[in-house]
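These notes are about the structure you will find just below.
Values in this text are rule-based calculations from the coordinates and carry no lab data. Remember, predicted model here, so these are calculated numbers, not experimental data. Heads up, the Cβs are rebuilt from the backbone with ideal geometry, glycines too, and the neighbour counts pull from every protein chain shown.
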Amino acid sequence: MIRLVNSIHELGSCCSAISMNSIHSARLLLLWNNRRMNRRAPMVLEHDPAALDAAALTGAQESFCAAVAEYRNLGLAYRMAYPTSHRISGHVVHLMALELQSDPRIRARIEELRAAREIALTVTRKEIFDDLHDIASADALSVVSVRRVNCRYCSNGAYAWKTPREYAAECDRQRAVLDCSGGFEFDINAAPNPDCRECGGEGEPVVHVADMASLGPKERKLVKSIEQTERGLIKVTFHDQVAAKRSIGEALELFKATQMHMPLHAPAAPIAPLVPAMSEEEAARLYLEEIKG
């Protein structure tokens with residue numbers, strides 16, 4: 001049994017005779033650090049080794065296990081579980097954390113929490129991948145599309161009104177009696193008339209936004225936001241499908257670029273001459289033959 005001395009000098013002498021790798025030296029250093037700060041040396045350590053024999057873990061021990069499982073750092077986990085250990089040196093805290101981890105129940109609890117965390121991360125990764133896949137493969141045209149519908153003159157060649165109320169409102173606005181020979185049964189969703197002279201059978205383009213309640217799960221994930229402008233127009237914003245495909249490809253390591261190990265300033269390769277080397281006389285002879293044909 002190590003004798004606890006009362007003076008700092010005698011305590012330092014005792015510590016020098018003990019291996020710094022032992023848990024006993026860590027306890028002495030803990031008392032010594034507390035005395036250096038002019039505090040009364042505690043007779044009970046942050047965690048009580050005798051408490052490890054109990055059936056259930058204490059709250060601090062459970063916090064230590066949870067922090068180790070999440071951060072994989074013994075020193076950080078010990079400081080989080082035992083707040084007063086922040087005034088102790090990091091080396092001593094690490095030794096105390098090793099002592100706490102050496103208990104079989106502590107190790108078993110850490111492994112249990114790590115296994116549960118790994119399962120949760122696996123589920124999370126799968127959910128993220130499924131969401132990216134749904135966004136990348138969703139049909140945007142089932143949400144917003146452009147349709148061709150009949151124009152106002154497709155029915156009988158005269159301007160058609162939707163209702164008598166629409167006709168009366170337009171007459172009031174223009175302060176005139178307008179032509180109503182086209183009738184009052186204009187169907188805004190009817191197909192174009194191929195024989196219409198006004199639109200040439202092409203009809204008019206109309207942007208159609210689908211009912212959100214009728215969308216499938218993929219298309220719902222594709223929609224990022226919906227807003228209505230001051231003029232009453234509907235603005236639909238989609239998630240980036242190309243970015244979603246790129247993220248899937250990176251996760252599956254499909255886009256690993258092959259790096260070419262080439263110096264930045266590589267010397268240029270010599271260019272082979274287009275014609276073999278020759279003397280001036282030979283070049284002059286060939287030139288004369290060329291111009292003579």
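Structure data summary
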{"read-out": "Among Ala168, Ala210, Gly183 the positive-end extreme of the charge dipole of segment 136-232 (Cβ point charges)", "value": "Ala210"}
{"read-out": "Point-to-point label distance, His86-Glu230, nm (Cα→Cβ direction, 7 Å offset)", "value": "5.1"}
{"read-out": "Calculated SAXS-style log₁₀ I(q)/I(0) at q = 0.19, 0.22, 0.32 Å⁻¹ - segment 211-254, Debye, Cα scatterers", "value": "-0.71, -0.81, -1.06"}
{"read-out": "Relative counts (whole %) of C-alpha pair distances in segment 146-209, using bins that are 5 Å wide", "value": "4, 20, 24, 21, 17, 12, 3, 0"}
{"read-out": "Charge context of Asp172, other residues only, Cβ under 12 angstrom, K/R +1, D/E -1", "value": "+1"}
